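Here is the structure we will look at.
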């Protein structure tokens, strides 16, 4: 008799647990704020939407190195920038798509009323395209240093205002990598 009661109690407990789980699942489905998915905010979206064209311009600047300089360190640094920033663009684009947000095309984002820190003007890009040799190296290093500093400023704003842990981790990696590259570029500029 005691054994039958224990079995009955155990079955009742299991049934209750199953109903609670079903209720919790239904609540999570109807109220997305209860989900365990990473939450993002407007600062995360803005950072990604701005950093994609910012990175793209750095890749374009790195692409100008070939044929305009024979300085091995500059060539290596440009290759490093392309190799690091292209996969970051892909990751940032994937996050925006996953969140249902607009992704930038080219070097701009529609309806962006302000310039991004460190972005080169069309005139500066034209000057860079026309330069070669030591003059190219000096101009490229100067412009890329300013460009990187702009990215660091954007990353710091994300670290301060963002909510998504993955985006903030990316911002920290960007700031750390670009601070190191700025030190290298300043050393190269001083040696020229």
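Things to note:
- Within the option set 79, 133, being free of Cβ contacts under 8 Å to residues at least 60 places away in the same chain and surrounded by fewer than 20 Cβ atoms within 10 Å (Cβ to Cβ) holds for one residue only, 79.
- Test: residue in segment 135-154 that is in a loop (DSSP other than H, G, I, E, B) and closer than 18 Å to residue 181 by Cα: no
- For segment 35-79, the tally of residues that are within 17 Å of residue 121 (Cα to Cα) and assigned to a helix (DSSP H, G or I) stands at 14.
- Out of 170, 188, 159, one residue alone is more than 16 Å from residue 58 (Cα to Cα), out of contact with any helix residue (DSSP H, G or I) (no Cβ under 6 Å at 6 or more places or on another chain) and surrounded by 14 or more Cβ atoms within 10 Å (Cβ to Cβ). It is 170.
- Criterion (under 18 Å from residue 60 (Cβ atoms) and at pLDDT below 95) met by exactly one of 116, 144: 116
- Count of segment 57-101 residues which are within 28 Å of residue 188 (Cβ to Cβ) and in contact with a helix residue (DSSP H, G or I) (Cβ under 9 Å, 6 or more places away or on another chain): 27
The values are calculated or read from the model by the stated rules, or taken from the named source; none is laboratory data. Since we're looking at a predicted model, the values are computed, not measured. Note: ideal-geometry Cβ built from the backbone for every residue, glycine included; neighbour counts use all protein chains shown.
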